[in-house]
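To keep things clear, I will list the structure first and then write my remarks on it.
The values are calculated or read from the model by the stated rules, or taken from the named source; none is laboratory data. Computed from a prediction, not measured in an experiment: that's the story for all the values here. In this analysis, Cβ positions are derived from the backbone assuming ideal geometry, glycine residues included, and neighbour counts consider all displayed protein chains.
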Amino acid sequence: MTTSFPFYQVDAFSRRPFAGNPAAVVPMTAWPDDRLLQEIAAENNLSETAFLVPDGDGFRLRWFTPVAEVDLCGHATLASACVVFERLRPGSDRVAFSSQSGPLFVARDGEKLVLDFPSKPPTPCAPPSGLDAALGAAPAEVHRGICLMAVYGSEGDVRDLRPDFALLAACEPFGVIATAVGRECDFVSRFFAPAIGIPEDPVTGAAHCTLAPFWAARLGRQKLHARQVSRRGGELWVEDLGDRVRIAGHAVLVIEGTLFV
């Protein structure tokens, strides 16, 4: 027997379609077997597919890459809030999600949506063996927060990276942030996670749980403007609040339909 679910695709951290990071959002009334969730995510073949089920006044939220479930995802949370505000609960301006990373909140702020996420400040660490070769250039500093973070001397250094994804997957089990001071914004970044099926993520909200406190301390300001300089690109506004981070951006609903399984 065929089962159907509503299906949405949202471009997160972009003001227009076909930029930012596309995420699939699949609302459900109850959780099916995890194997089905993973198969749907593999079929979508996007960085993340978000699944949400009603939970009290909010929703339980889970995220899957094409090959694995992850504990935290920013852009697919932003996309899920966009679907809630525009389709599931029109007129609402705040939503609470329960997740494997604890409570997450999203609120409207004019045209932007604002994520309220846990802060994951980094600490300096020794680079894993092979990191320089995997990234294609040696970073000036290496830190570890939500994942490994490589700090470079300039925006151009970050833009010019051409990682060897096989080497990168072997030396770092989750992902690597590459970052530097920006030319026309406060800081830039890229994010690589080939070990979990994402060679390069277009825009990574969760990475800014580490980037925001790092650059806030380094630049001496709580509120910062950031860009992720992937091929699609994305724009974020972040605020370091100590134990929490606000991450704001735009979201555009681009596909709406029905998923049959």
Filter result for G130 (exposed (fewer than 15 other Cβ atoms within 10 Å of the Cβ) and touching a Leu at 6+ places or on another chain (Cβ under 9 Å))
yes
Which members of region 42-53 meet the condition of being out of contact with any Pro (no Cβ under 6 Å at 6 or more places or on another chain), without any contact (Cβ under 8 Å) to a residue 60 or more places away in the chain and under 11 Å from A24 (Cβ atoms)?
E43, N44, E48, T49, A50, F51
Looking at this structure, is H75 out of contact with any helix residue (DSSP H, G or I) (no Cβ under 6 Å at 6 or more places or on another chain) and within 24 Å of G20 (Cβ to Cβ)?
yes
Restricting to region 1-25, name every residue that is in a loop (DSSP other than H, G, I, E, B), over 12 Å from the mean Cα position of the chain (by Cα) and crowded, with 24+ Cβ neighbours inside 10 Å.
S14
In region 136-176, which residues are in contact with a Pro (Cβ under 9 Å, 6 or more places away or on another chain), β-branched (V, I, T) and at pLDDT 95 or above?
V142, V151, V176
Elements of type helices (runs of 4 or more DSSP H) in region 131-202, at least 3 residues being touching a His at 6+ places or on another chain (Cβ under 8 Å):
none
